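**Q** Before we start, here is the structure in question, set down as structure tokens.
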Amino acid sequence: MEILFILLASIVLFFCGLTLQLTSVISYFLTKNKNLQKIVDENEDPKVEIVNISTITDHSFAKRVADEIARMTTNLSRMEESVKGFKQIKASVRKLEQSLNSNQYELEDLLNKPYDNGMNLQATFIEGEDLNEGDAIITRIIKPQINYKGKLIQAAQVEVSQGF
């Protein structure tokens, strides 16, 4: 029970930190955008091309959130659903993923899926005691696969349990 409260408290603190980071990133881009607009207004030469800073996408924040979603999903998959707070944490993870989706990010759901050699990911193989020979299942997501507007921006790093 104490572990669950510690876990919940650490999750809350983590997301408070992410919120502060997001606020600073937004204020940085707003400041840069205002400075850029001044340059555009002062520039009378039509041959000079100015790049709008708001069109440049930095995916680092989304990648960090996706990494935490993957970590929490892996931990939830190892927990029993009867643990108090399990449903709340699972709902929070779902809401975080929906927030990423609403910003055109997609996380590939690879956990507990069969592994195929043709997959575009980095895999570390371990022996799976419960698996038949030749079976391979993705049992841990180290870094999730992230697509932005349908294009891969981060390949997955996974751990695959394999039957021998």
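**Q** Could you check how many residues of region 80-102 are surrounded by fewer than 15 Cβ atoms within 10 Å (Cβ to Cβ), assigned to a helix (DSSP H, G or I) and not charged (D, E, K, R)?
**A** 7
**Q** Any residue that is modelled with pLDDT of 75 or more and surrounded by 13 or more Cβ atoms within 10 Å (Cβ to Cβ) - is there at least one of those in region 24-45?
**A** Of all residues in region 24-45, those modelled with pLDDT of 75 or more come to none.
Looking for residues that are modelled with pLDDT of 75 or more and surrounded by 13 or more Cβ atoms within 10 Å (Cβ to Cβ), one finds none in region 24-45, hence no.
**Q** Oh, and also: Which residue is farthest from residue 93 (Cα to Cα), if the candidates are limited to region 105-164 and must be among the acidic types (Asp, Glu) and not in a loop (DSSP other than H, G, I, E, B)?
**A** Once the filter is applied, the top-ranked residue is 127.
**Q** Name the residues in region 70-111 that are more than 16 Å from the chain's Cα centre (by Cα) and among the basic types (Lys, Arg), would you?
**A** Across region 70-111, the qualifying residues are 78, 84, 87.
**Q** Could you go through region 47-57 and let me know if any residue there is assigned to a helix (DSSP H, G or I), within 15 Å of the chain's Cα centre (by Cα), of a type outside the set (Phe, Trp, Tyr) and modelled with pLDDT under 75. It would help to see each step written out before you state the result.
**A** Kept after step one, since they are assigned to a helix (DSSP H, G or I), are these residues of region 47-57: 53-55.
Narrowing further to those that are within 15 Å of the chain's Cα centre (by Cα): none.
No, region 47-57 contains no residue that is assigned to a helix (DSSP H, G or I), within 15 Å of the chain's Cα centre (by Cα), of a type outside the set (Phe, Trp, Tyr) and modelled with pLDDT under 75.
**Q** Within region 142-164, how many residues turn out to be more than 21 Å from residue 104 (Cβ to Cβ) and not polar (S, T, N, Q)?
**A** 6
**Q** Also, quick follow-up: Could you pull out the residue among 121, 131 that is out of contact with any Cys (no Cβ under 6 Å at 6 or more places or on another chain), surrounded by 12 or more Cβ atoms within 10 Å (Cβ to Cβ) and at pLDDT below 90?
**A** None of the other options fit; the residue is 131.
The values are calculated or read from the model by the stated rules, or taken from the named source; none is laboratory data. Everything numeric here is computed off the predicted structure, so don't read it as measured data. Note that each Cβ is placed from the backbone with ideal geometry, even for glycine, and that neighbours are counted across all protein chains shown.
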